[in-house]
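As structure tokens, the structure follows; a few thoughts come after it.
The values are calculated or read from the model by the stated rules, or taken from the named source; none is laboratory data. This structure is a prediction, so every number in the text was calculated from the model and none was measured. Don't worry about glycine lacking a Cβ; one is built from the backbone with ideal geometry, like all the others, and counts go over all protein chains shown. For the accessible areas, the whole protein counts, side chains as well, though only heavy atoms, and no ligand, DNA or RNA atoms are used. Shrake-Rupley method; radii C 1.70, N 1.55, O 1.52, S 1.80 Å.
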Amino acid sequence: MRSFLYQIEQRQRISLKEVKMVRAWYMDNDTSDQRNEHHRNPPVFIDLNVLKDVSGVEYFQLNLKTFTTDGTLDKIKRERGYTYEDELTCSKECLENYEEKLKIFYKEHLHTDEEIRLIVEGSGYFDVRDINDDWIRIEVVPGDLLILPSGIYHRFTMDNNNFIKAKRLFIGEPVWTAHNRPSDDIECRKKYVEKLSKI
Ligand SMILES: CSCCC(=O)C(=O)O
Ligand SMILES: [Fe+2]
């Protein structure tokens, strides 16, 4: 009989063919090209509900064809107080100081506010630390709305397609400041750790 993990992986691949959506997995310790998938051997995928419990990361799947007219994004914005919105395209052609920005994105850091991204084109990886400080890689594709809580250590990388376009949402005036690790004494970090330990 095939192993349990193998079966989960196959199921994920089948559902992926039906609806392309977010997938998350624990990373290996290989430091080669950050744009690769970096699965463990064998792969260890994480269910999105588990992802929330071990990291506080929240996820919504939006229908890209209808979200501007069917009110789904407006409802999330209203309920969570997102008043700011812009769009960021990351590619060699569209982003000034591309290589430099990618290095900054991939340095482990935290923010004093949520990091909210709705992917509208392309794909990429958000890596987040779980409750045990292990890296989880979250693959985002169009329609994925990802919310990283304030105080979580994380980073972002392009994948091998080298293109992603995302809406950035924010509560009030945006603050993009990245506090590189270690930033354990920042209030939002302490709050995050305390909240996660209660889940
Ligand atoms: C997909 S959005 C690009 C990355 C980014 O905005 C960030 O890491 O803050
Ligand atoms: Fe960030």
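Okay, here's what the table says:
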| quantity | calculated |
| --- | --- |
| Loop-located trypsin sites (Lys or Arg not before Pro) in segment 63-167, at most 14 other Cβ atoms within 10 Å (DSSP) | LYS65, LYS92, LYS107 |
| Zone of ASP133's modelled label, taken as backbone nitrogen in segment 155-199 under 15 Å from a point 7 Å along Cα→Cβ | 181-185, 193 |
| Residues ASP47 and LYS75, FRET efficiency given R0 of 22 Å [Cβ-Cβ distance, rounded to 0.05] | 0.35 |
| Which listed pairs, of LYS52/LYS191; LYS107/LYS195; LYS20/LYS167; LYS65/LYS165, have C-alpha distances above 22 Å, in listed order | LYS107/LYS195 |
| Within the chain, longest stretch free of exposed GluC sites (Glu not before Pro) [DSSP loop, at most 10 other beta carbons within 10 Å] | 97-199 |
| CD proxy at 222 nm, helix term only [per DSSP H run n ≥ 4: -39500 (n - 2.57); per residue of the chain; nearest 500] | -8000 deg cm²/dmol |
| Over 31 Å [Cα-Cα, the chain], rounded percent | 16 |
| Inter-probe distance in nm under a simple model that places probes 7 Å from Cα toward Cβ, at ILE104 and THR31 | 2.4 |
| Inverse mean reciprocal Cα-Cα distance (Kirkwood Rh) of segment 151-190, Å | 12.9 |
| Within the accessible area of segment 2-197 (1.4 Å probe), percent carbon and sulfur | 49 |
